[in-house]
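Notes to accompany the following structure.
Any read-out appearing in this document is the output of simple, stated calculations on the displayed coordinates, not a laboratory observation. Treat the numbers as computed from the prediction; the structure is a model and nothing was measured. Every residue, glycine as well, gets a Cβ built from its backbone with ideal geometry; the counts of neighbours run over all protein chains shown.
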Amino acid sequence: MTRKLESLFDLPTDSDPTEPAAEADALPITRETLATIDKIEAALIAVKGLEASDSEMDELAKAAMDSYENLMDLGMNVEARFASEIFNSASSMLGHAITAKTAKMNKKLKIIDLQLKKLKMDRDNGAQEIPTAQGQLIDRNELLRQVLANNQNQQNE
C-alpha cells in the first residue's frame, strides 16, 4: 500500500507489504458477520416467481412468432408496393421473439453462474468438508505379507 493511501484512510503503516494479506487471511469471522450472511441468504430464499417470468417470456415469444407468420402471409398476398412495410413489421416481430428467448436464456445462465459462485465460496470457506482417506506408510515386504495373509485367509474360508 502506498503512503498516500495510508495517510488518506488513517491506516497503520506497514513495513512489509506481504503482511496485510497474511493478516487478512487470519482474521476470525465474527458472529455479526455470520448473522449478516444468514440474513442475506434468508432474503435470497424468499425471492419467488422466477418461473413465472419464464412462462411470460415464452408467451411473448410465441405471440411475436405468430404475428411474424401472419404478417409474412399478409405480405405475400398484397401488392409489391405495400409489401415492404409489412415485411419490415414482420422482421420487427421476429426480432422481438428472438429478444424474448435471449432474455430468458440469459436469466437462466446468470442464475447458474450465481449458484456456481456460491458453491465455490462455500467450498472455499470450508462449508463442505471433502472426505479424505487415511493411509499408512509401509514397505513393500510388509505389504506383500499382508496380501499373502489375506489370500490364505480367503482360501481357508
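Observations on the structure shown:
- 3J(HN,Hα) couplings calculated from phi for the stretch 69-83 with the Karplus curve 6.51 cos²θ - 1.76 cosθ + 1.60 (θ = phi - 60°) are, in sequence order, 5, 5, 5, 5, 4, 5, x, 6, 9, 10, 5, 4, 5, 9, 5 Hz; Gly and Pro show x.
- Taking the fewest neighbouring Cβ atoms within 10 Å as the starting point, the ordered list for T132, T36, T99 is T132, T36, T99.
- Each of I37, I29 was scored by other Cβ atoms within 10 Å of its Cβ. Arranged with the fewest first, they read I29, I37.
- In terms of other Cβ atoms within 10 Å, S92, S7 run from fewest to most in the order S7, S92.
- Against the rule of thumb 2.2 N^0.38 Å, how large the Cα Rg of the stretch 50-127 comes out: 1.73
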